[in-house]
Every structure is written in structure tokens, then in C-alpha cells.
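Colleague: Next up is a structure, given as C-alpha cells.
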């Protein structure tokens with residue numbers, strides 16, 4: 001009896017916030033461990049996290065002015081703050097080009 005192998009096609013894995021952080025931290029040359037700790041502290045990796053006292057939202061808790069500034073600088077049209085992939089890539093771009101000073105968790109050494 002011959003063994004016949006039939007390929008099984010499995011849909012693409014849905015990436016988690018942590019997966020995107022690992023991917024984009026490498027792309028932008030940012031320390032992955034710090035990026036993971038900042039996101040954990042800021043939003044617990046929740047893409048739709050919203051600060052009740054400010055406009056800060058998303059995985060990396062961008063305030064509106066910073067979010068739109070970085071989206072414009074990166075050339076991202078119609079950027080969505082609560083889209084994990086966009087928020088995280090923008091966070092890694094911001095960290096790479098301007099440092100971690102924009103995140104309260106980092107500044108207060110909470111990570």
C-alpha cells in the first residue's frame with residue numbers, strides 16, 4: 001500500500017500584539033524586551049485600551065496629537081489608533097527615532 005500525503009492548507013495565524021511587537025521591534029532596531037514591557041504596562045497588550053483621563057489609546061497608548069504627528073511623518077493615511085498592527089509599528093518608529101520618553105511607564109521606571 002502506497003502512502004499518499006495530502007497537503008493541508010491552514011489559514012494564516014492571527015498575529016497577537018506581542019507578535020507584532022517582536023516583528024516591528026526587529027524591523028526598527030528597537031529593544032524587543034523594553035517594547036514588550038512598555039506595552040504590557042501601558043495597555044496590557046489590549047489594542048482597544050483607552051485611557052479614561054486623556055486621548056491616549058491603543059497598545060502603545062498614543063495621545064491624539066502624537067498619533068497624528070507620527071502617522072503623518074510615516075506617510076500613513078487614514079491611520080487607526082486602535083489597529084494593533086498600525087499602533088505598534090508607529091510605536092516602534094517613535095521609539096527608534098525619538099526614544100522612549102513618550103511613555104509614562106518608561107519614564108516612571110514602572111517596567
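Colleague: When region 72-103 is examined, which residues are found to be touching a residue at least 40 places away in the same chain (Cβ under 8 Å) and farther than 19 Å from residue 47 by Cβ?
Modeller: Those that are touching a residue at least 40 places away in the same chain (Cβ under 8 Å) and farther than 19 Å from residue 47 by Cβ: 96, 100.
Colleague: Would you check which residues across region 52-66 are under 23 Å from residue 32 (Cβ atoms) and either exposed (fewer than 13 other Cβ atoms within 10 Å of the Cβ) or touching a helix residue (DSSP H, G or I) at 6+ places or on another chain (Cβ under 7 Å) (or both) and list them?
Modeller: Those that are under 23 Å from residue 32 (Cβ atoms) and either exposed (fewer than 13 other Cβ atoms within 10 Å of the Cβ) or touching a helix residue (DSSP H, G or I) at 6+ places or on another chain (Cβ under 7 Å) (or both): 58, 59, 60, 61, 62.
Colleague: Buried (at least 17 other Cβ atoms within 10 Å of the Cβ), assigned to a helix (DSSP H, G or I), more than 9 Å from the chain's Cα centre (by Cα) and modelled with pLDDT of 95 or more: which single residue out of 95, 35 fits that description?
Modeller: 95
The values are calculated or read from the model by the stated rules, or taken from the named source; none is laboratory data. On a predicted model such as this, the values are computed, not experimentally measured, just so you know. Here the Cβ is made from the backbone with ideal geometry for all residues, glycine too, and neighbour counts use every protein chain on show.
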